[in-house]
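The values are calculated or read from the model by the stated rules, or taken from the named source; none is laboratory data. Everything numeric in this text was worked out from a predicted model, so none of it was measured. Counting neighbours? That spans all protein chains shown, and the Cβs are built from the backbone with ideal geometry, glycine included.
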Amino acid sequence: MKNTSWPDRLFAVWYDRLMEKMEQNTFRPVRKRLLQHARGHVLEIGVGTGANASFYEDRFVSGKVFLDSSFPMLQVALRKGICPQGSLVLGSGSELPFLTGSFDTVVVTLVLCSVKDWKQAIREIRRVLRPEGQLIVLEHVQSRHPVISFFQSLLTPVWKIPARGCHLDRPTDQTLGSCFEWIERDQIVLSGMPFVFGRLSPRPEKECSRDIVSPSVPVAEEAR
């Protein structure tokens, strides 16, 4: 079903302008660094307006599928001409419409914060990845600094209304450990908010628990 609510349309129109300074100063170099590792058949979940699309190295990538739950976001990505129409899929990260073991690389950047059933999304990512595949991530996570963590939780109910369901306080970095192991991991801190990025390899499916448990203490480093 196409999500064409006016808040979703407005968010899609303004997203690039709202993110421009942060993208230019911080995220674009991180995206470029991460996506040089994309290999084989690639699925990007939460493509948004296509911020990652220009950083894939086609000599290493045999095919790309771009998925998003927002139809207006996909329209923006299509108009930019960097995501071919045939590669765009409207769908949910927690119900991926793909066969098990379909992809060599799955990419999620600034996405798991806003997926409603984010733990199911982690299970789905593991399902569609091949055993030798990789997950590439860039996500903001819950701080281990108690004051910052408190304010993340305090602000989330208000923040998620204009920000398409974005939660500031999810311990995504550690929760991913239920289904994946970190190959490469790094972190940046912006205004006290930790952003974790890197690559992970899938654990055996039997280790990917049906009941993924979020840790009580996140592992993101204390903000400096």
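Only a single criterion out of (1) farther than 23 Å from His37 by Cα; (2) touching a residue at least 40 places away in the same chain (Cβ under 8 Å) is not satisfied by Val158, namely (2).
Is it true that Gly165 is free of Cβ contacts under 8 Å to residues at least 40 places away in the same chain, surrounded by fewer than 18 Cβ atoms within 10 Å (Cβ to Cβ), within 19 Å of Ile45 (Cβ to Cβ) and not polar (S, T, N, Q)? Considered against the rule, which asks whether it is free of Cβ contacts under 8 Å to residues at least 40 places away in the same chain, surrounded by fewer than 18 Cβ atoms within 10 Å (Cβ to Cβ), within 19 Å of Ile45 (Cβ to Cβ) and not polar (S, T, N, Q), Gly165 comes out as no.
All of (1) in a helix (DSSP H, G or I); (2) crowded, with 22+ Cβ neighbours inside 10 Å hold for Gln75 with one exception: (2).
Residue by residue, here is whether (1) farther than 20 Å from Leu34 by Cβ; (2) free of Cβ contacts under 8 Å to residues at least 24 places away in the same chain holds:
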residue: Tyr56; (1), (2): no, yes
residue: Arg59; (1), (2): no, yes
residue: Val76; (1), (2): yes, no
residue: Ile82; (1), (2): no, no
residue: Leu90; (1), (2): yes, no
residue: Pro97; (1), (2): yes, yes
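If you go through segment 111-122 and keep only what is surrounded by 15 or more Cβ atoms within 10 Å (Cβ to Cβ) and of a type outside the set (Phe, Trp, Tyr), you end up with Val111, Leu112, Cys113, Ser114, Val115, Lys119, Gln120, Ala121, Ile122.
State whether one or more residues within segment 22-40 are part of a loop (DSSP other than H, G, I, E, B), buried (at least 20 other Cβ atoms within 10 Å of the Cβ) and of a type in the set (Gly, Ala, Ser). Yes, some residue in segment 22-40 is part of a loop (DSSP other than H, G, I, E, B), buried (at least 20 other Cβ atoms within 10 Å of the Cβ) and of a type in the set (Gly, Ala, Ser).
Conditions (1) of a type outside the set (D, E, K, R); (2) surrounded by fewer than 19 Cβ atoms within 10 Å (Cβ to Cβ); (3) over 25 Å from Glu23 (Cβ atoms), marked per residue:
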{"position": "Leu90", "(1), (2), (3)": "yes, yes, no"}
{"position": "Thr109", "(1), (2), (3)": "yes, no, no"}
{"position": "Glu124", "(1), (2), (3)": "no, no, yes"}
{"position": "Gln152", "(1), (2), (3)": "yes, no, no"}
{"position": "Leu155", "(1), (2), (3)": "yes, yes, no"}
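Name every residue in segment 15-56 that is of a type in the set (D, E, K, R) and modelled with pLDDT of 95 or more, in order of residue number. It would help to see each step written out before you state the result.
Looking only at segment 15-56, we keep the residues that are of a type in the set (D, E, K, R), and these are 16-17, 20-21, 23, 28, 31-33, 39, 44.
Answer for segment 15-56, where residues must be of a type in the set (D, E, K, R) and modelled with pLDDT of 95 or more: Arg28, Arg31, Lys32, Arg33, Arg39, Glu44.
Looking across Glu222, Glu207, Glu184, one residue alone is of a type in the set (D, E, K, R), surrounded by fewer than 19 Cβ atoms within 10 Å (Cβ to Cβ) and at pLDDT 95 or above. It is Glu184. Scanning segment 58-72 for residues that are surrounded by 23 or more Cβ atoms within 10 Å (Cβ to Cβ), in contact with a helix residue (DSSP H, G or I) (Cβ under 6 Å, 6 or more places away or on another chain) and outside any strand (DSSP E or B) turns up just one, Ser70.
Can you list the helices (runs of 4 or more DSSP H) lying wholly within segment 79-183 that have 3 or more residues being under 29 Å from Thr4 (Cα atoms) and of a type in the set (D, E, K, R)? Steps first, answer last, please.
Details: elements: 118-128, 146-159, 172-175.
Where helices (runs of 4 or more DSSP H) fall fully within segment 79-183 and carry at least 3 residues being under 29 Å from Thr4 (Cα atoms) and of a type in the set (D, E, K, R), they are 118-128.
The set of residues in segment 159-211 that are basic (Lys, Arg) and closer than 30 Å to Asp8 by Cβ comprises Lys160, Arg164, Arg170.
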